Structures are given as C-alpha cells and as structure tokens.
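Report on the following structure.
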Amino acid sequence: MIHEPARQALLAQLQPAGVTLVAVSKTKPASDIQAFYDLGQRDFGENYVQELVEKQPALPADIRWHFIGHLQSNKVKYIAAFVHLIHGVDSFKLLQEINKQAAKHDRVIDVLLQRHIAREETKHGMNETELWEFMDYYEAQLDTLRNVRIRGMMGMASFVDDEAQVRAEFSELKASFDSLRKTRFFGKDWFDTLSMGMSGDYQLAVACGSTMVRIGSALFGARG
Ligand SMILES: *Cc1c(COP(=O)(O)O)cnc(C)c1O
C-alpha cells in the first residue's frame with residue numbers, strides 16, 4: 001500500500017523550501033518501492049544492510065539509496081558499490097572503513113555525521129565533544145581519506161509529544177551543523193545537507209532548517 005496523495009502533499013511543502021524527500025522503505029516490499037519509483041520518486045532510505053542488499057538488484061539502477069540505520073563497520077563492504085549517502089556516521093573507525101571500501105570500487109561515498117540530540121540513550125550519534133574530536137582525527141588524516149566526502153549532519157529527535165523539546169533538539173543539531181560549516185568546512189560548498197525530520201516531526205524539522213527529511217509511515221503506511 002503506497003500513499004501517492006501523501007507524497008504529493010509532502011512534495012508541495014518540501015520542494016519550495018528546497019528540502020529533499022527520502023522515502024523510507026524499510027520492511028516494505030520491492031513492489032511498493034517500484035510503485036513510487038514509477039511516480040517519479042528516486043531517493044529511498046533503508047535501515048538494514050541485509051534488506052538493502054536484497055532489494056537493490058531487484059530495482060532500477062538509478063535509485064539513490066540512502067543508508068539511514070546504524071552501520072556496523074564489517075558490513076560496509078556489502079553496500080559500498082552502490083550506496084548514495086550514508087547518514088549515520090558516528091565513529092572515525094566507521095569513516096575509515098567506508099573510505100577503504102569506497103576505494104575498492106574507485107568511488108567517493110558521501111556521508112553525514114550523526115549527532116545525538118534525543119533524550120533517549122539508545123539512539124546513536126556523537127555528542128558535541130565527540131563530534132569535534134572526530135573532526136580533529138579527520139583533519140589530521142585528510143590525505144588518506146580521499147574516497148569519502150562529508151556532506152553534512154543527521155540526527156533523530158526524541159519520540160515525545162512535547163513540541164518545545166523536539167524543537168530544542170532540532171535547533172541544537174542545526175546550530176552544530178552551522179558551526180561546523182562556518183569553521184571546519186568553511187568554503188567547502190558540498191557541506192550542505194542537514195538530514196532531520198521523520199513522519200511525526202518533519203514540519204518542525206523543516207522550520208528548524210532541515211534540508212532532507214526521512215519519511216516512512218506517512219508514505220508507505222504503518223510498519224507491521
Ligand atoms: C524508520 C526511520 C525513519 C522513518 O520513520 P517514520 O516515522 O516511519 O517516518 C526515519 N529515520 C530513521 C533513522 C529511521 O530509522
């Protein structure tokens with residue numbers, strides 16, 4: 001079951017603001033993805049390596065696959081040949097592995113750095129101190145990292161109804177993104193992507209400066 005009216009309504013809100021819609025297709029069959037593809041959707045997000053690896057060969061080659069889940073270093077090799085953007089980089093070790101696997105395919109893989117903004121402890125991502133430590137490693141080893149490109153940042157807000165809380169978390173992520181852009185990535189035009197917002201909170205995320213939203217249930221229906 002796909003919800004094309006929902007997609008059209010989302011695009012009407014997002015496109016004027018220059019925000020990219022990533023359709024999160026995790027747990028949904030390839031036929032649902034194909035149906036949205038036929039209507040013009042090209043950006044799809046998946047959380048699980050195994051599932052992505054099974055779906056990718058069965059679907060059109062020009063789909064832009066976003067890996068939005070927590071990626072283990074030992075699984076990078078399975079998606080390195082085709083992945084478009086890896087959203088959840090939260091360790092320097094993972095960045096190095098992505099670089100290594102991208103080099104094997106003679107390509108540059110775009111990534112986002114994941115910041116922990118939610119109150120829940122289970123969510124992945126770096127705090128501000130870890131982020132700046134990460135950047136120190138990155139800059140020190142820049143010459144060896146020719147096959148990865150840091151495009152921006154990603155984060156997930158708390159699952160709460162408290163709008164002020166969610167707004168504060170998105171604002172924290174936006175501030176972190178802006179400060180990296182103005183310092184460590186000054187003059188680097190490619191550092192332009194802020195991935196925040198899901199079905200329940202994308203409007204707040206866009207109001208707080210998101211440039212990319214990851215939407216699943218509002219497009220594909222609830223996950224079973
Ligand atoms: C599942 C998931 C989404 C989409 O969630 P919905 O609430 O279904 O829109 C977005 N981002 C991440 C990281 C996810 O795991």
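Taken together, the values in this text are just the output of simple stated rules run on the coordinates, not laboratory data. All figures in this text were calculated on a predicted structure; none of them were measured in a lab. Using ideal geometry, Cβ is built from the backbone for each residue, glycine included, and neighbour counts are taken over all protein chains shown.
What spacing in nm lies between the two simple spin-label points modelled at Q8 and D192, each 7 Å away from Cα in the Cβ direction?
Label-label distance for Q8 and D192, simple model: 2.9 nm.
Using helices alone, I'd like the mean residue ellipticity at 222 nm for the chain: each DSSP H run of four-plus residues gives -39500 (n - 2.57), total over residue count, nearest 500.
-11500 deg cm²/dmol
Tally Lys/Arg at +1 and Asp/Glu at -1 over every other residue whose Cβ is under 9 Å from the Cβ of E128; what's the total?
Local net charge: -1.
Taking the Cα centre of the chain as origin, sum charge times position over the Cβ atoms of Lys and Arg (+1) and Asp and Glu (-1), and report the length of that vector in debye to the nearest 20.
So the dipole magnitude of the chain works out to roughly 540 debye.
Given a cut-off of 26 Å, name the pairs among K55/K77; K28/K77; K100/K188; K100/K182; K104/K182 whose C-alpha atoms lie farther apart than that in the structure shown.
From K55/K77; K28/K77; K100/K188; K100/K182; K104/K182, over 26 Å: K100/K182; K104/K182.
Please give me the summed charge of the neighbours of Q101: other residues whose Cβ is under 12 Å from its Cβ, Lys and Arg +1, Asp and Glu -1.
+3
Could you please report the charge total around H87, scoring K, R as +1 and D, E as -1 over all other residues with beta-carbon less than 12 angstrom from its beta-carbon?
Spelling it out: positives minus negatives among the neighbours equals -1.
Given N residues in the chain, what is Rg(Cα) / (2.2 N^0.38 Å)?
0.98
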